[in-house]
Amino acid sequence: MNKTIENIVALCKRRGFIFQSSSIYGGFAAIYDYGPLGIELKNQISQLWWKEMTQFHDNIVGLDSGILMHPKIWEASGHVGAFNDPLIDCKKCKARYREDEFDLNEKKQDWNKVKCPNCGSIGSLTEPRQFNLMFKTHTGPVEETGTEAYLRPETAQGIYVNYLLVQGAMRLKVPFGIAQIGKAFRNEIIARNFIFRTREFEQMEMQYFVKPGTDSSVFEEWKIKRLNFYHDVLKVNKDKIRFHQHPDDELAHYAKEACDIEYEFPFGWSEVEGIHNRTDFDLSQHEKFSGKKMSYFDQPNNERFLPYIIETSAGLNRMLLTVLADAYWEDKENDRIVLKLNPKIAPIKAAICPLTKKDGLPEKARKILSILKPKFKVVYDQQGSIGKRYYRQDEAGTPFGITIDHQTLEDNTITVRHRDTQKQDRISTDRLFDLMNESL
Ligand code: GAP
């Protein structure tokens, strides 16, 4: 099968999932725009995540904090000092690399003995230079010292600095969690692999506040819960999803334990989500930098402590790429491309297709559309032959094609065509709502 990233990119453009940003100006690197189907799919995924976190857990609540925050937050969090990527340039061909793109053997050698992966020359690579990934901006009308601010590189800090306000307002007791979905920004050196690594992206993060000493077992629990989300909710192919536990020398500056959930993309196994044991690193840093007490008061036991934090941090865009890559299927036998998306996240649930544009079929089709519309995202499609319409919807991942023909006018039955098998059933229009309700 030709499941290449290029083919996925082409499908995304053709069907209105994802476009290169600013394309009429030649594009803007590492930023993407989400088209009509892309935003529907993104919304479906984020809603499932939100439901999983805040609805299925009584002790997890939501938050929406600002993208811009007090700049001291980023000093306290360590991002000003330590959020760096070592950058390597090729002086000959001008290619640019992150240090982690080279294997361990290469990293151990002198850089002037390592071959440039692009032009093949030896002796042209620079020593790694530290490069801070945060975007800087200014608040207020003049750019001067003291007005500098950062676009947040992770949503987590907005949760940490608000955690006592949330806890007090909602009368939460440890252990409890705060979930947030929002944009994050990183000035990535290398932007490759479509929406996998971009400079503007969305994170879905949940910070779980626990009593120190319970942190390692809670960390293990969240690893399993998060893996199950990919298996049971998104329904991603189980062989293509795995854990990658970080060895000590790979840990981020804030983490005591870390485990990635990786997916096997067409470009190889790569991280989609990270589960981190951040200990009390962030809260103690904020206590130090703000001068405010960040400890939690455990009333029944009459004790005060800084909670440890177990974080689950997923990229919404990477999760979307995961489900797209997983669903992409070239059905050679029938000469079609299909997105075998879990119907629950399909951007369009059904296409309502009158067989012809006359004889009252469009009117009947619109009537069926109006019955389904309040509950399901459905579209009306009368352009082109019925075969072409089905194939167009297959590429969009639409699970059902509903055809209205002359028989519909006689006995109120319609044809339901199933995306993956192309099997067609004739059922009464009255059963359609229930059929869709059962599968979606
Ligand atoms: N708060 C912890 C944190 O931000 P991270 O491992 O740096 O941890 C978490 O990022 C997740 O955010 C990643 O697993 C990935 O899904 C997503 N992510 C990170 N950088 C990204 C980028 N440049 N483009 C798209 N997604 C990104």
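Which length gain, in nm to one decimal place, applies between Ile67 and Lys211 when the Cα-Cα distance is subtracted from 0.36 nm times their residue separation?
Working: separation 144, 0.36 × 144 = 51.84 nm, distance 2.87 nm.
This chain segment gains 49.0 nm when fully extended.
Quick one: which of Lys225/Lys344; Lys235/Lys388; Lys108/Lys223; Lys13/Lys349 span more than 25 angstrom between C-alpha atoms? Write down the numbers at each step before the final one.
On the way: Lys225/Lys344 19 Å; Lys235/Lys388 28 Å; Lys108/Lys223 32 Å; Lys13/Lys349 20 Å.
Among Lys225/Lys344; Lys235/Lys388; Lys108/Lys223; Lys13/Lys349, the Cα-Cα distance tops 25 Å for Lys235/Lys388; Lys108/Lys223.
List the cysteines of the chain that have no other Cys Cβ closer than 4.7 Å: which are they?
Cysteines lacking a close Cβ partner in the chain: Cys12, Cys259, Cys353.
Report the relative contact order of the chain, percent, no decimals, based on alpha-carbon pairs under 8 angstrom and at least 6 residues apart. Each step should come with its number before you reach the end.
Numbers: 789 pairs, mean separation 59.7, N = 440.
So the answer I get is 14 percent.
What is the spin-label model distance, in nm, from Glu6 to Trp329 if the labels are put 7 Å beyond Cα along the C-beta direction?
Rounded to a tenth, the inter-label distance reads 2.5 nm.
So, in Å, what gap is there between the alpha-carbon centers of region 376-396 and region 343-371?
Centre-to-centre (Cα) distance: 9 Å.
Based only on other Cβ atoms within 10 Å, what is the fewest-to-most ordering of Asp110, Asp405?
Asp110, Asp405
Over the alpha-carbon set of region 192-308, divide Rg by the Kirkwood Rh and report the Rg/Rh ratio to two decimals.
Details: Rg = 17.1 Å, Rh = 16.4 Å.
Reported Rg/Rh (Cα atoms, Kirkwood Rh): 1.04.
Using only Cα atoms, what Kirkwood radius does region 217-263 have, in angstroms? Write down the numbers at each step before the final one.
Working: mean 1/r = 0.0863 Å⁻¹.
Taking every pair of different Cα atoms in region 217-263, averaging 1/r and inverting gives 11.6 Å.
Using the alpha-carbon centroid of each, what span in Å lies between region 17-82 and region 260-310?
19 Å
More than 22 angstrom separation, counting every C-alpha pair in region 346-440; what % is that?
16 percent
Where does the chain land on Rg/Rh, using Cα atoms and the Kirkwood Rh? Before the final figure, lay out the partial values.
Details: Rg = 25.3 Å, Rh = 24.6 Å.
Rg divided by Rh gives 1.03.
Let's test the formula: R0 of 22 Å, r as the Cβ-Cβ distance of Lys423 and Phe267. What FRET efficiency results, to the nearest 0.05? Each step should come with its number before you reach the end.
Numbers: r = 34 Å, r/R0 = 1.55.
Calculated transfer efficiency: 0.05.
Could you work out the relative contact order of region 1-111, using alpha carbon pairs under 8 angstrom and six or more residues apart, expressed as a whole percent?
Details: 61 pairs, mean separation 12.0, N = 111.
Taking the mean separation of contacting Cα pairs over the length of region 1-111, I get 11 percent.
Using DSSP to define loop residues, name the trypsin sites (Lys or Arg not before Pro) in region 374-436 whose beta-carbon has at most 14 other beta-carbon atoms within 10 Å.
Working: sites: Lys375, Lys377, Lys388, Arg389, Arg392, Arg417, Arg419, Lys423, Arg426, Arg431; in loops: Lys375, Lys377, Arg419, Lys423.
Here the sparse-neighbourhood loop sites are Lys375, Lys423.
Taking a virtual spin label 7 Å from the Cα of Lys91 along the C-beta vector, which residues in region 102-116 bring their backbone nitrogen under 13 Å of it?
Zone members listed by number: 111-113.
Using the number of other C-beta atoms within 10 angstrom as an exposure proxy, rank Phe201, Phe131 with the fewest first.
Details: Phe201 20, Phe131 15.
Arranged by neighbour count, lowest to highest, Phe201, Phe131 become Phe131, Phe201.
Find, among the chymotrypsin sites (Phe, Trp or Tyr not before Pro) in region 54-106, those assigned to loop by DSSP (not H, G, I, E, B) with at most 11 other beta-carbon atoms within 10 angstrom. Spell out each step's value before the answer.
Details: sites: Phe56, Trp74, Phe83, Tyr97, Phe102; in loops: Phe56, Phe83, Phe102.
For chymotrypsin sites (Phe, Trp or Tyr not before Pro) across region 54-106 that sit outside H, G, I, E and B with at most 11 neighbouring Cβ atoms in 10 Å, the list reads Phe56.
Quick one: if the Förster radius is 25 Å, what FRET efficiency do Glu144 and Leu164 give, using the C-beta to C-beta distance and rounding to 0.05? The partial results should precede the final answer.
Values: r = 33 Å, r/R0 = 1.31.
Here the calculated transfer efficiency is 0.15.
Any read-out appearing in this document is the output of simple, stated calculations on the displayed coordinates, not a laboratory observation. Note that the structure is a prediction, hence the values are computed from the model and not measured. No Cβ is skipped: glycine too gets one built from the backbone with ideal geometry, and neighbour counts run over all protein chains shown.
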